[in-house]
Amino acid sequence: MTSLEKLIASKLKGLNKTLSVAESCTGGSICSKIVSTQGASVFFQGGVVCYSTESKINILSLDPEIINKYSVVSKEVCELMAISVKNLYNSDYSIATTGNAGPEKGESDAAIGKVFVSVSSDKNLKTYELDFEGDRENIINNAVLRALELLNDTI
């Protein structure tokens, strides 16, 4: 466990705030990092891995027209994922990720290494467009680290 997860846990516990996570390209890795912290049950409400477009529609209730208009790898979809998971778990903060970790493009025309991270709080919603290089594992690991850094900066 890195000090980043400990810092996030400490901040959320100290503020008596909660967190939920919606992951696509990171495949549950953010949730795994969060639950590795002692006392995560105090602040972590839960998370979902909505890897397929269908799961984004069925679990997070995303509008298929928005997905078709903007693509699954887009700022708009990532923001809706963050809002939806925050509402689903009634949490104070949420993180969402969507992107293309490669090696093929898949359902989106987004470049390999393109990742969107949204961080939502009671006060605002910010989305970051990121570009990573390397293989699939490297892209995912960098996306997880950056998402946690962005959450930490928001709290």
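Of all residues in the stretch 63-78 being not in a loop (DSSP other than H, G, I, E, B) and not β-branched (Val, Ile, Thr), which is nearest to the chain's Cα centre (by Cα)? If you could, list the steps in order and put the result at the bottom.
We begin by selecting, within the stretch 63-78, every residue not in a loop (DSSP other than H, G, I, E, B); these are 64-70, 75-78.
Keeping just the survivors that are not β-branched (Val, Ile, Thr) gives 64-65, 68-70, 75-76, 78.
Working: Pro64: 19, Glu65: 21, Asn68: 20, Lys69: 21, Tyr70: 18, Lys75: 12, Glu76: 13, Cys78: 8 Å.
Only one residue tops the list, namely Cys78.
Checked against (1) without any contact (Cβ under 8 Å) to a residue 40 or more places away in the chain; (2) under 17 Å from the mean Cα position of the chain (by Cα), Ser29 passes all but a single condition, namely (1). Of all residues in the stretch 78-117, those being touching a Ser or Thr at 6+ places or on another chain (Cβ under 8 Å), β-branched (Val, Ile, Thr) and free of Cβ contacts under 8 Å to residues at least 60 places away in the same chain number 2. Picking from residues in the stretch 115-140 that are out of contact with any Phe, Trp or Tyr (no Cβ under 8 Å at 6 or more places or on another chain) and not in a loop (DSSP other than H, G, I, E, B), the one that is farthest from Lys69 (Cα to Cα) is Glu137.
Residue check: is Asp131 at pLDDT 95 or above, touching a strand residue (DSSP E or B) at 6+ places or on another chain (Cβ under 9 Å) and closer than 16 Å to Thr26 by Cβ? Against the criterion (at pLDDT 95 or above, touching a strand residue (DSSP E or B) at 6+ places or on another chain (Cβ under 9 Å) and closer than 16 Å to Thr26 by Cβ), Asp131 qualifies. Please find, within the stretch 115-134, the residue that is surrounded by the fewest Cβ atoms within 10 Å (Cβ to Cβ) out of those that are more than 26 Å from Asn87 (Cα to Cα) and touching a Gly at 6+ places or on another chain (Cβ under 7 Å). Checking each candidate, the answer is Glu133. Counting residues in the stretch 40-62 that are of a type in the set (Gly, Ala, Ser), outside any strand (DSSP E or B), within 17 Å of Leu148 (Cβ to Cβ) and out of contact with any strand residue (DSSP E or B) (no Cβ under 6 Å at 6 or more places or on another chain) gives one or more. The condition of being among the β-branched types (Val, Ile, Thr), within 19 Å of Gly99 (Cα to Cα), outside any strand (DSSP E or B) and touching a strand residue (DSSP E or B) at 6+ places or on another chain (Cβ under 9 Å) holds for only one of Thr37, Thr26, that being Thr26.
When the stretch 77-114 is limited to residues that are closer than 15 Å to Glu129 by Cβ and surrounded by fewer than 17 Cβ atoms within 10 Å (Cβ to Cβ), the one that is modelled with the lowest pLDDT turns out to be Asp109.
If you take the residues in the stretch 82-104 that are of a type in the set (A, V, I, L, M) and part of a strand (DSSP E or B), which one is farthest from Ile140 (Cα to Cα)? So, considering only residues that are of a type in the set (A, V, I, L, M) and part of a strand (DSSP E or B), the one farthest from Ile140 (Cα to Cα) is Ile95. Restricted to the stretch 8-20, and to residues there that are under 18 Å from the mean Cα position of the chain (by Cα) and part of a helix (DSSP H, G or I), the residue that is farthest from Leu148 (Cα to Cα) is Leu12.
The values are calculated or read from the model by the stated rules, or taken from the named source; none is laboratory data. From a predicted model like this one, the values you see are computed outputs, not experimental measurements. Because the Cβ atoms are built from the backbone with ideal geometry, glycine has one as well, and the counts that use them run over all protein chains shown.
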